[in-house]
Amino acid sequence: MKVKRVVLASRPGNDGEPTTENFHLEETDLTEELMDGQVVTQTLYISVDPYLRCRMNDDTGADYILPWKISEVLDSGGIGVVEKSRHSHIKPGDIVTNFNWPWQTTCVLEGNALTKLDPSLVDGHLSHFLGVVGLTGLTAFLGVKEKGHVIPGGNQTMVVSGAAGACGSLAGQIGRFLGCSRIVGTCGTDEKCSVLTSDLGFDVALNYKDKGLVEKLRECCPDGVDVYFDNVGGEISDVVISQMTKNSHIILCGQISQYNKDVPYPPPLHPQTEDILKERNITRERFMVLNYADQHEMALQQLSQWLRTGELKVKETLVQGIENTAGAFVSMMKGGNLGKQVVQISG
């Protein structure tokens, strides 16, 4: 069987921006002869996420994610439908997922590495398993729950950077559900700001590219910032941290502004910002959603409930076709997405 797949053609370099030339679409033969325990799956959706930029380097800078190899098929979160099976608990027609799904139109996978999905949890909107009812939603929910120290009725102000992205757009809403009284988001376009306040319930949204971010943030957070959900790092985080209150908390989710730079993760802070953390006793601990596996089932059920009742609003940027996977990734790294970036391969 002929299948299409995306391989890594070259690395952008530790300090380079990724381009579509770093990726190569090729056709290859796929054997349909299965060993015991294997299944043939048709790929439905592929997830592209900022952390994948680290996998384009020789060294990811993190011991829990491996670098992609030159000329080998790429992988990330994915969803597919089973076409053939030699696994005792997986049958044709089952919808399955895993974190290391090949960027390939049809795949032979080990059944034991797959998780069966229940489409009713997302009202049949399967791509939500890669976003709100998947790792993205888990990161937003458990990040706020475990590292935000939100106190219901505590009159806390929460700021979310990268607030129009996959995780940020959920985190702000969840911060409200868990008890924050004021939610402020930063993002990169006026259109995104409008969506945050009109559709997603943020009180204020600031375009960080406009002048006067320091003053505007102070205006909309008159009592300071109590919880900061940090997706971007860099100068924006310096501005937010400068206005955080004593004993406040940073949820260190991502640092997308630093991913094209050769720095350790988490990247070192500006010395002045580091001083503020110490003086005000602000916590800034790395958040790893995989460390909270015992809470995943509970969290997914809660996210699914919020989704079904319409309380949790979801934004998604969907691109069609495996040939557009590289372009979707490059666009997302430059802020071209609103909400979760997903590629629909088939279905």
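If I ask for residues that are surrounded by fewer than 22 Cβ atoms within 10 Å (Cβ to Cβ) and either free of Cβ contacts under 8 Å to residues at least 60 places away in the same chain or more than 19 Å from Gly124 (Cβ to Cβ) (or both), which ones from segment 334-347 would you list?
Within segment 334-347, Lys334, Gly335, Gly336, Leu338 meet the criteria.
I'd like the full set of residues that are touching a helix residue (DSSP H, G or I) at 6+ places or on another chain (Cβ under 8 Å), part of a helix (DSSP H, G or I) and either of a type in the set (A, V, I, L, M, F, W, C) or touching a residue at least 60 places away in the same chain (Cβ under 8 Å) (or both), limited to segment 264-292.
Ile276, Leu277, Val289, Tyr292
Quickly run through segment 293-347 and pick out the residues that are under 14 Å from the mean Cα position of the chain (by Cα), assigned to a strand (DSSP E or B) and of a type outside the set (Val, Ile, Thr).
Glu316, Gly339, Lys340, Gln341
What number of residues within segment 98-110 are surrounded by fewer than 21 Cβ atoms within 10 Å (Cβ to Cβ) and either closer than 23 Å to Ser120 by Cα or modelled with pLDDT under 95 (or both)?
Residues flagged as surrounded by fewer than 21 Cβ atoms within 10 Å (Cβ to Cβ) and either closer than 23 Å to Ser120 by Cα or modelled with pLDDT under 95 (or both) within segment 98-110 amount to 2.
May I ask you to list the residues in segment 209-235 that are surrounded by 21 or more Cβ atoms within 10 Å (Cβ to Cβ) and either closer than 19 Å to Gly148 by Cα or in contact with a Ser or Thr (Cβ under 7 Å, 6 or more places away or on another chain) (or both)?
Of everything in segment 209-235, those that are surrounded by 21 or more Cβ atoms within 10 Å (Cβ to Cβ) and either closer than 19 Å to Gly148 by Cα or in contact with a Ser or Thr (Cβ under 7 Å, 6 or more places away or on another chain) (or both) turn out to be Cys221, Val225, Asp226, Val227, Tyr228, Phe229, Asp230, Asn231, Val232, Gly233.
Give Gly61, Gly80 a once-over and let me know the one that is in contact with a Cys (Cβ under 9 Å, 6 or more places away or on another chain), closer than 21 Å to Arg286 by Cβ and of a type in the set (Gly, Ala, Ser).
Exactly one of Gly61, Gly80 is in contact with a Cys (Cβ under 9 Å, 6 or more places away or on another chain), closer than 21 Å to Arg286 by Cβ and of a type in the set (Gly, Ala, Ser), namely Gly61.
Hey, among the residues in segment 1-23 that are assigned to a strand (DSSP E or B) and in contact (Cβ under 8 Å) with a residue 40 or more places away in the chain, which one's nearest to Val82 (Cα to Cα)?
Checking each candidate, the answer is Val3.
Go through the residues of segment 58-70 one by one and say whether even a single one is within 24 Å of Glu323 (Cβ to Cβ), surrounded by 17 or more Cβ atoms within 10 Å (Cβ to Cβ) and not assigned by TED's automatic domain parsing to the domain that holds Pro268.
yes
Starting from segment 157-181, keep only residues that are assigned by TED's automatic domain parsing to the domain that holds Thr197, then list their pairs with residues that are aromatic (Phe, Trp, Tyr) and not in a helix (DSSP H, G or I) whose Cβ atoms are within a distance under 6 Å, requiring at least 6 positions of separation or different chains.
These pairs meet every condition: Val159/Tyr228; Val160/Phe229; Ala171/Phe229; Gly172/Phe202.
Which members of segment 303-316 meet the condition of being in contact with a helix residue (DSSP H, G or I) (Cβ under 9 Å, 6 or more places away or on another chain) and either surrounded by fewer than 18 Cβ atoms within 10 Å (Cβ to Cβ) or without any contact (Cβ under 8 Å) to a residue 24 or more places away in the chain (or both)?
Matches in segment 303-316: Arg308, Glu311, Lys313.
Quick test of your reading of the structure: Thr309 fulfils all but one of (1) touching a strand residue (DSSP E or B) at 6+ places or on another chain (Cβ under 6 Å); (2) farther than 29 Å from Thr105 by Cα; (3) polar (S, T, N, Q). Name the failing condition by number.
The failed condition is (1).
Can you confirm whether Ser47 is in contact (Cβ under 8 Å) with a residue 40 or more places away in the chain and within 21 Å of the chain's Cα centre (by Cα)?
Taking the combined requirement at face value, the residue satisfies it.
Looking for whichever is acidic (Asp, Glu), modelled with pLDDT of 95 or more, buried (at least 18 other Cβ atoms within 10 Å of the Cβ) and under 18 Å from Arg5 (Cα atoms) here; the options are Asp29, Asp94, Asp75. Which one fits?
Within the list Asp29, Asp94, Asp75, the selection yields Asp75.
Residue by residue through segment 165-214, note down the ones that are in a loop (DSSP other than H, G, I, E, B) and hydrophobic (A, V, I, L, M, F, W, C).
Correct list: Cys180, Leu200, Phe202.
Conditions (1) in contact with an Asp or Glu (Cβ under 9 Å, 6 or more places away or on another chain); (2) hydroxyl-bearing (Ser, Thr, Tyr); (3) within 20 Å of Ile46 (Cα to Cα), marked per residue:
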| residue | (1), (2), (3) |
| --- | --- |
| Gly124 | no, no, yes |
| Phe129 | no, no, yes |
| Val144 | no, no, no |
| Asn155 | yes, no, no |
| Val160 | yes, no, no |
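The values are calculated or read from the model by the stated rules, or taken from the named source; none is laboratory data. Small disclaimer: the values here were computed from a predicted structure and weren't measured. Heads up, the Cβs are rebuilt from the backbone with ideal geometry, glycines too, and the neighbour counts pull from every protein chain shown.
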